[in-house]
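The values are calculated or read from the model by the stated rules, or taken from the named source; none is laboratory data. Source: prediction; values computed, not measured. Cβ placement follows ideal geometry from the backbone for every residue including glycine, while neighbour counts extend to all protein chains displayed. Ligands, DNA and RNA are stripped out before the accessible areas are found, and what is left, the full protein with its side chains, is counted by its heavy atoms. Shrake-Rupley method; radii C 1.70, N 1.55, O 1.52, S 1.80 Å.
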Amino acid sequence: MTLVEQIEAKAAQLANDCMGGTAKPDECLTSLFVQLEESASEHLTRLSILAPPPTPLHCKPGCSSCCKTGAVQLTPPEALFLLGIIETCGFRYAVTLAARSSARPGCPLLDHQGLCRFYAHRPLMCRAMNSLDVAECRKCEGGEGMDVPLWLPHFETYARVQSGMSASLIKKGKAMPFLSLRKVLALETSVPLLWEEWLKGANPFKAAVAG
Ligand code: SF4
């Protein structure tokens, strides 16, 4: 098994354990993302030593061109993880209003310094993004298309985490459509209700499906 196949298998196993163990699935799936991030970081550290990127990644705090495209997609457990913390912090109403406003394109979670207000809880696609050429990122902001050279092993690591987790949860009868981040943030349904419906096998995110 290759390194990246190992991380996909690990994500699948961790997600599977959440649905069959003694812990409550919502609590378990929430802590799952911490474990997935640890596995992905460990994997990327190993990769950087074995086969480093051709140039250092250009990404740094405040550089938020990818967030400004507003194109992020995520799966229901990622959405529940993120909405859960937004609701707990008391920002749900403000975020819903920002997501529904057309005044600010891009991600409503981005602050005025170009930082993510919920960085530790961001979706897997946000974690996957990276760049070997910041000048190309800036062009995306201007709507000139997305032709950013990526360090593909970094991108693939998070894509495999997402596919391992999704495959496992689909087998458990859970709805796993791709959702639009902006549409998820615009939802008004309470997080406990979203969890309840999703754990029953329904799709409470119909209004947020990407596309
Ligand atoms: S969730 Fe955070 S990292 Fe992801 S697009 Fe929004 S501001 Fe950027």
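Just want the answer: with Cβ charges of +1 for Lys and Arg and -1 for Asp and Glu, which residue in 167, 36, 57 is farthest toward the dipole's positive end in the chain?
Working it through, the farthest residue towards the positive pole turns out to be 167.
Along its principal axes, what span do the Cα atoms of the chain show, with the longest given first and each in whole Å?
Taking the Cα atoms of the chain, the three principal extents are 48, 45, 29 Å.
For segment 1-22 and segment 137-211, what is the centre-to-centre distance using only Cα atoms, to the nearest Å?
Their Cα centres are 18 Å away from one another.
With charges set only on the Cβ (+1 for Lys and Arg, -1 for Asp and Glu), what does the dipole of the chain come to about its Cα centre, in debye to the nearest 20?
380 debye
How much of residue 17 can a 1.4 Å solvent probe reach, expressed as accessible area in Å² and rounded to 10?
Roll a 1.4 Å probe over it and residue 17 shows about 80 Å².
Taking only pairs that are 8 or more places apart or on different chains, how many Lys pairs in the chain have Cα atoms under 13 angstrom apart?
Close lysine pairs under the 13 Å cut-off: 4.
Carbon and sulfur together cover what percent of the accessible area of segment 3-208 at a 1.4 Å probe radius?
Here carbon and sulfur together make up 59 percent of the probe-accessible area.
Over the heavy atoms of residue 119, what accessible area does a 1.4 Å probe trace out, to the nearest 10 Å²?
The value for residue 119 is about 140 Å².
What are the trypsin sites (Lys or Arg not before Pro) within segment 117-211 that DSSP puts in a loop, where the Cβ has at most 12 other Cβ atoms within 10 Å? Write out the running numbers ahead of the final one.
Details: sites: 117, 127, 138, 139, 160, 171, 172, 174, 182, 183, 200, 206; in loops: 117, 172, 174, 200.
In loop regions of segment 117-211 (DSSP not H, G, I, E or B), the sparsely surrounded trypsin sites (Lys or Arg not before Pro) are 200.
Would you work out the relative contact order for segment 58-148, in percent, from Cα pairs under 8 angstrom that are 6 or more residues apart?
Result for segment 58-148 is 44 percent.
Quick one: accessible area per residue over the chain, 1.4 Å probe, rounded to a whole number of Å²?
52 Å²
What figure in square angstrom, to the nearest 10, would you give for the accessible area of residue 81 with a 1.4 Å probe?
Counting only protein heavy atoms, residue 81 exposes about 20 Å² to solvent.
Once whole DSSP H runs in the chain are found, which of them have Cα atoms spread over 15 Å or more along the helix axis and a mean Kyte-Doolittle score of at least 0.5?
Those that clear 15 Å and a mean of 0.5 are 76-88.
Once you have the Cα-Cα distance between residue 5 and residue 159, take 0.36 nm times their residue separation minus that, and quote the gain in nm to one decimal. Walk me through the intermediate numbers first.
On the way: separation 154, 0.36 × 154 = 55.44 nm, distance 1.11 nm.
Length gained between residue 5 and residue 159: 54.3 nm.
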